[in-house]
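The block underneath contains the structure these notes are about, expressed in structure tokens.
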Ligand SMILES: [Zn+2]
């Protein structure tokens, strides 16, 4: 699954700090047997095969179904218990045994079928007739409505990860219970039905109805099942013998050509990397209008689901950032076809095996197919995000114990994804890319169609590499936290530099804590000399490298740790900063900013580096400067004099960069430059730069008559700047455009702009609009989140006043985090109490972790404003003289 974070949620996660929860240290996973895998179901029965026939009624938002489940009774029992949620049962029976008494448990999400006498060991077919609901948010079987020139349409899709297959099919809805599936649907004739497998037969039933039967699936987990139905069209190409396709609503396949080419390129490349050919006959990439608060795409086996903005490109509004998003999302979901679908984690404890791996693989694939995007630099940003979460009391190990459905849902976080990715990057660099790939191939071969725990992967990598790795892997995946490497001594003799290193722990909210110990692979590079590697063990290390002068620790940025150089050595790094490779500039800059905010060094060191960065630096480095400036600007909220002083410095640094890239896109320029242009316009516009604001408004006004006024790739950012500073008349203009727009992708964009208004009265109107019928079911929550980015108090209070209506616009898996995250961008300590009170009143005790992170984010902002801003303010005063 490709995770999605709202602005407010990002603020919550990145800046979260302080909570009473201690992060547990996980233990190595026991060897994988049925008895060691967590389950919420009795182990006496397991499924072998599902034979499902169902009839959706899209108009009434209901379906009826019958399923025949071939089961294996392992221990004699009179009761068969499986998972079911929101289903109503008509009848259940086993031929030769009789009908069952049916009992459902809403709290446990189970259904139990009890027979007159115990079932002996052996195989049976349990036949169940039942009915269920079609939802309006993306969980279970759900409907998405959209506008077309020919009127309103409705399409159906499913979303089952992590635990919503039970809303569609009574089942053993846990990843360990793999089974095969035959699926048959009765549908309106003329509509296209989509499943994991190609359609094997279609029968016209007359009366406008047809029955479609899909080919039998391979053995798979329930969360990967898929069904879709609507007025669709498909385009396909053959790649490595597989029908690779894109499916869109009618008329949109031209917008999916980029995704189709990416998928067709990636499939043979993955076949080769994994050493195992993609095992299904076809692979569809399916684009759907609308949104979810939780995810942008899902790796259903053979039928990958995407929301349109993550798969389609429309020249009217798509930017180079969008093309990158499409490619990396396709790469991520396709990597899951092996890591996740073919080989599946036994239980949610090892979710990172899916998500850390797919996140890492998407980067690898991007480096191969698009070297010009510098994906390795992007990965530094991902690592930074992981470390920002991992240096807090609220963190957890990459491998963590999960008990409940809600805890599984909360496990889809930056530790699972980005820390998992960073740890793989580090271990791959430690053993070498070829040994790593050979280990992955051996793992695929051994566990195809099965389930695994993390140690199954380490075992294969270690064998392939011929050197120990499990100890390092355990240090980084079974215990939480970020190692801190301090350079305690640096001496030069005979043209070689020797560094003495000490390992402690980087923490943002427990500065005096006793550090954990890691075995840390460290690479160093002398700015004017060579490269050397060492493994810091037991808290200490030393390394000698050719050359004298400044030495960069974590050269190439494959290590998962932060570095403190000490003031004298750091000034050497600043002086040679312009000569560092871009990836090390980015790594040093990221360390310095985080260490400064946490009090390990001066918070103004970042500003010195920003001034020392040449205008010719890599666009991603310059973009990082713009991003940190926006963060600092946010910390000055409500402090107009200080903010004005900061903006003067920030605009003076960023304006020449925008002048350098210019407003009009240039033919043949690198995508990274085009992306930087958009980011500079966004940052400068957000900070109220008068020239940028005037130019954005001029182009917006000219857009009515001059189609060249707003180039497609700049449309979103120009409109965002205009919307942030909109008056009532401008806001009404954008709303009128949204009402008239028939393309869902563009329409969604226009409604989200309305929620960007800085003016409080307009922000309030956006909230009211979000709960009305007008924007459509799945846009509401993202509008409310956007308002919360700049008006957290307003959005949080509004959500409390309209709790049921707001929850109705949020899918079930996001409910324990959505409303708490709305307050996360607040700078008022009272908001932390409000969030905690809300969680205590509304969520079970084990499901308050995300709310706790949002409350902590507020307190962290308060602390940074108190403790770090004064030094920055003083630096600004010095800079002004
Ligand atoms: Zn994923």
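Data for the structure
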{"item": "Residues within region 646-680 that are more than 18 Å from residue 322 (Cβ to Cβ) and surrounded by fewer than 19 Cβ atoms within 10 Å (Cβ to Cβ), tallied", "result": "13"}
{"item": "Residue within region 816-825 that is within 25 Å of the chain's Cα centre (by Cα), over 22 Å from residue 4 (Cβ atoms) and at pLDDT below 95 present", "result": "no"}
{"item": "Enumerated helices (runs of 4 or more DSSP H) restricted to region 750-847, each holding at least 2 residues that are more than 21 Å from residue 291 (Cα to Cα)", "result": "760-770, 792-801, 829-842"}
{"item": "Residue within region 524-541 that is crowded, with 16+ Cβ neighbours inside 10 Å, touching a helix residue (DSSP H, G or I) at 6+ places or on another chain (Cβ under 6 Å) and in contact (Cβ under 8 Å) with a residue 40 or more places away in the chain present", "result": "no"}
{"item": "Residues of region 481-514 satisfying the condition of being in a loop (DSSP other than H, G, I, E, B) and surrounded by fewer than 21 Cβ atoms within 10 Å (Cβ to Cβ)", "result": "494, 495, 509, 510, 511, 512, 513, 514"}
{"item": "Failed item, numbered, when residue 351 is tested on (1) more than 11 Å from the ligand (Cβ to nearest atom); (2) at pLDDT 95 or above; (3) farther than 17 Å from residue 310 by Cβ", "result": "(1)"}
{"item": "Unmet criterion (only one of (1) surrounded by 20 or more Cβ atoms within 10 Å (Cβ to Cβ); (2) over 33 Å from the mean Cα position of the chain (by Cα)) for residue 727", "result": "(1)"}
{"item": "Hey, residue 41 modelled with pLDDT of 90 or more, more than 16 Å from the ligand (Cβ to nearest atom), in a loop (DSSP other than H, G, I, E, B) and buried (at least 16 other Cβ atoms within 10 Å of the Cβ) or not", "result": "yes"}
{"item": "Residue match in region 276-295 (condition: closer than 23 Å to residue 253 by Cα, buried (at least 24 other Cβ atoms within 10 Å of the Cβ) and within 13 Å of the ligand (Cβ to nearest atom))", "result": "no"}
{"item": "The listed residue being more than 22 Å from residue 59 (Cα to Cα) and within 37 Å of the chain's Cα centre (by Cα), out of 116, 106, 145", "result": "106"}
{"item": "Hey, residue 357 within 13 Å of the ligand (Cβ to nearest atom) and under 15 Å from the mean Cα position of the chain (by Cα) or not", "result": "yes"}
{"item": "Where residue 760 falls short, out of the listed (1) farther than 22 Å from residue 699 by Cα; (2) under 29 Å from the mean Cα position of the chain (by Cα)", "result": "(2)"}
{"item": "Verdict on residue 298 being within 16 Å of the ligand (Cβ to nearest atom) and within 25 Å of residue 444 (Cβ to Cβ)", "result": "yes"}
{"item": "Any hit, region 320-330, residues being within 27 Å of residue 38 (Cβ to Cβ), surrounded by 24 or more Cβ atoms within 10 Å (Cβ to Cβ) and either within 13 Å of the ligand (Cβ to nearest atom) or at pLDDT below 95 (or both)", "result": "no"}
{"item": "Among (1) surrounded by fewer than 24 Cβ atoms within 10 Å (Cβ to Cβ); (2) on the phi > 0 side of the Ramachandran plot; (3) within 14 Å of the ligand (Cβ to nearest atom) - the single one residue 340 does not satisfy", "result": "(1)"}
{"item": "Conditions (1) within 16 Å of the ligand (Cβ to nearest atom); (2) outside any helix (DSSP H, G or I); number of the one not met by residue 403", "result": "(1)"}
{"item": "Residue in region 244-262 that is within 23 Å of the chain's Cα centre (by Cα), crowded, with 22+ Cβ neighbours inside 10 Å and under 20 Å from residue 357 (Cβ atoms) present", "result": "yes"}
{"item": "Entirely in region 563-614, the helices (runs of 4 or more DSSP H) that have 3 or more residues that are touching a strand residue (DSSP E or B) at 6+ places or on another chain (Cβ under 7 Å)", "result": "582-597"}
{"item": "Residue match in region 386-393 (condition: within 22 Å of residue 298 (Cβ to Cβ), touching a strand residue (DSSP E or B) at 6+ places or on another chain (Cβ under 8 Å) and at pLDDT 95 or above)", "result": "no"}
{"item": "Flag for residue 427 being more than 16 Å from the ligand (Cβ to nearest atom), within 28 Å of residue 513 (Cβ to Cβ) and in contact (Cβ under 8 Å) with a residue 12 or more places away in the chain", "result": "yes"}
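The values are calculated or read from the model by the stated rules, or taken from the named source; none is laboratory data. These numbers come from a predicted model, not from an experiment. Neighbour counts run over all protein chains shown; Cβ positions are idealised from the backbone, glycine included.
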